[in-house]
Structures are given as C-alpha cells and as structure tokens.
1. If I model a spin label at S37 and A178 as a point 7 Å from the Cα along the Cα→Cβ vector, what separation in nanometres do I get?
2. Summing +1 for each Lys or Arg and -1 for each Asp or Glu, what net charge is found among the other residues whose Cβ lies under 9 Å from the Cβ of A9?
3. Please report, in debye to the nearest 20, how large the charge dipole of the chain is about its Cα centre when each Lys and Arg carries +1 at its beta carbon and each Asp and Glu carries -1 there.
4. How high is the relative contact order of the chain? Use alpha-carbon pairs under 8 Å, at least six apart in sequence, and give a whole percent.
5. Which FRET efficiency value, to the nearest 0.05, do you get for A163 and R45 by plugging their Cβ-Cβ distance into 1/(1 + (r/R0)^6) with R0 = 22 Å?
6. N180: net charge of surrounding residues, Cβ under 10 Å, Lys/Arg +1, Asp/Glu -1, itself excluded?
7. Rounded, prolate or oblate for the range 1-113? Axes are the square roots of the Cα gyration tensor eigenvalues, ordered a ≥ b ≥ c, and the cut-off for rounded is a/c under 1.5.
8. Let me know the shape class of the range 55-122, please: from the alpha-carbon gyration tensor, a ≥ b ≥ c as square roots of the eigenvalues, rounded when a/c is under 1.5, otherwise prolate if a/b is greater than b/c, or oblate.
Amino acid sequence: MIRVLIGGALRLPREAMATVVSAIPGVQVVAQVGHGSEVVPCAVRTTPNLAVLDADLPGLDGISAAQRLKATLQSCRVVLLTPPNRPDLLRCALAAEVEGLLSRGASLEALTDTVIRVAHGQRAIEPQAFVEVLDSPGNPLAIRDIEMLRLASQGRTPGEIAAALHLSAGTVRNNLAAINRKIGVRNRIEAIRVATAHGWI
C-alpha cells in the first residue's frame, strides 16, 4: 500500500487532489496538512512513503518542508507542485533532490502518472521544468536567503524573521546584509524588488 501525505495551503484544491490520488489502486491518503510546519510532525505520526507538497506552503515553504521530511523520514519520497514561471523554485527543488516535479497546471492524468511513477522508485520531472531552468538567469540566493527575503517582503522585522526561522536576530541581520551583496543592491527594499522581478522569491 502506498501511503500518501498531501500538503497544500487551500483546502478545496488539497481535498480535490486527495480525492484523485485516493482513487489510484493501491494508494491511501493518510494525511492532509495546510501549513509547512505541519509536514514533518504529521509524517512522523502517519508514516507516509510519499508526500505531495505545494511549493508555496505557508509558514515553511514546500521545498524546505521536503528537505526536513526527507531528513527525518528517509523512506518518504516527495512530489513537489510548482507554480509556472518560477525557475528559482525549480532549481531549489532539483537541488533538494525531490523525486517528482509537477506544474500546478498539470492534468489529473499527469498527477496520477507522477504519483505512480515516484511511488515505484522512479523520478518524474516535467521536461518543461528543465527548459525553464536552462532559459533563466542564475539565482545567487540560497534556500535560506529566499526564506528570509520572502518573510521580509511580508513586512516582517529581523526579529520576527529570526523567530519564524529559529535563528538569532543578529544572524538574520548578517544574512540580509549578505543577500544585498550577493544581489548587488544597497538595502533590503531593493533586494526584495530585484528578487521579485527575477522570480527568485
């Protein structure tokens, strides 16, 4: 039996996806979560061997959640759902070594095929994902940099970012300054503007 955990911010699409996945012979959806920080604790309780996660999970993004999940429950394979025109996310997902990459705009047939292939030990990466990565300018930001800038773009202070990421405020301030140098800007506002324009956050 393939045991699946599904992570998505919006209840209706998440439950619709659970219905589709549950209809696959030999597949059981054992859990659904709506927040990135819930992925690992829920997986520890329900022991899935496959997780389908939206890249834009709130709180802790899908890629970071996937990395923590794979470190905690090494037998669990991951399919990541990505928005279009976000080569930065595709790069980070490939670097995180998720087993499946699927666009949110994919068909139900593609979702079913991806779940089956990944559950049976294959990798399932959409060809378009590679095209987007190859055609886009390189993203100089690490996954942690992206997490920090996303929080900063929501108006969070360094202290609030530190609390959200379980870091010290000093570490966050130093990292934000390093991000400015990586991008070649003078301040956080410019860093957010440039990173947003390039699709990095």
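The numbers here are math on the coordinates, done by the rules we state, and not lab data. Source: prediction; values computed, not measured. Here the Cβ positions follow ideal geometry from the backbone for every residue, glycine too, while neighbour counts run over all protein chains shown.
1. 2.4
2. Result for the neighbourhood of A9: 0.
3. With Lys and Arg at +1 and Asp and Glu at -1, about 540 debye.
4. Once divided by the residue count of the chain, the mean separation gives 15 percent.
5. Given R0 = 22 Å and the Cβ-Cβ separation, E is 0.30.
6. After counting each charged neighbour, the total is +3.
7. Note, shape of the range 1-113 comes out rounded.
8. Because a/c hits 1.5 or more and a/b fails to exceed b/c, the range 55-122 counts as oblate.
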